[in-house]
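The values are calculated or read from the model by the stated rules, or taken from the named source; none is laboratory data. None of these values were measured; they are calculated from a predicted model. Because the Cβ atoms are built from the backbone with ideal geometry, glycine has one as well, and the counts that use them run over all protein chains shown. Keep in mind that these areas ignore ligands, DNA and RNA; they rest on the heavy atoms of the full protein, side chains included. Shrake-Rupley method; radii C 1.70, N 1.55, O 1.52, S 1.80 Å.
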Amino acid sequence: MQVIAKTRDADNSDIIALERVKKPAVLHKDRIRDAANGEFRYLVLEDDVRDILGHACLVFARPKTWPLGDEDTPYPRVIDLMICEQNRRKGMGKEFMREMESICIQMGLNQLHLSVDPKDNASAVRFYQSLGYTATQKPQWRKWSFRDSEGNAHQGEGMDLRMTK
């Protein structure tokens, strides 16, 4: 397994397949575009035959194209860590997180932040805790909304537990 810090042209369709259409294709396209601006890295985890096993964004600063409203969000942060279902609980997520931590250390960054929904994703909270991440505040209800590059509106809400290591 290896972590690739720059996505290939084919990655967008591979990532969409991995997500099982949980997120519209344009969101991945927008993130790959934004990663090219250097504000974050869109990382993919590949096996030896270059099949994508997972993906995540390692964000160093809020991209200019992202909506306002989260100005209190600390950086650097991990967003949208995803390991394909059949490869979970095999150490890949741990390896992926360690690689992102290593990238931050190499850049002179001494903390890494993330958010997780403690109600709908309690297993992720336990996973991050096992890696040494701790809650920095009590869970809060958050609403979000934005428009993608094609003008489509996206919105949602849910519990948000911020964690740091």
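Any idea of Ile83's accessible area? Nearest 10 Å², probe 1.4 Å. Its accessible surface works out to 20 Å², give or take rounding. Of the whole protein surface, Arg126 contributes about 140 Å² of accessible area at a 1.4 Å probe radius. Legend: residues His154, His55, sorted from most to least accessible area (1.4 Å probe; ligands, DNA and RNA excluded), read His154, His55. Between Gln111, Phe127, Met97, the Cα set farthest toward the positive side of the dipole of the stretch 93-138 (charges on each charged residue's Cβ, about the Cα centre) is that of Phe127.
Around the amide H of Leu112, modelled in the peptide plane, lie the amide H atoms of Lys165, all under 5 Å away and 5 or more residues distant in sequence or on another chain. Of the residues Ser130, Ser149, ranked by 1.4 Å probe accessible area with the largest first, the sequence reads Ser130, Ser149.
Each Lys and Arg Cβ is given +1 and each Asp and Glu Cβ -1; about its Cα centre, the stretch 25-165 then shows a dipole of about 360 debye.
Taking every protein chain into account, the accessible area of the stretch 40-165 amounts to 57 square angstrom per residue (probe 1.4 Å).
Ligands, DNA and RNA left out, the 1.4 Å accessible surface of the stretch 75-144 is 48% carbon and sulfur atoms.
Proximity of backbone amide H atoms, modeled 1.01 Å from N, is registered between Gly54 and Leu45, Cys84 at under 5 Å, excluding neighbours fewer than 5 places apart on the same chain.
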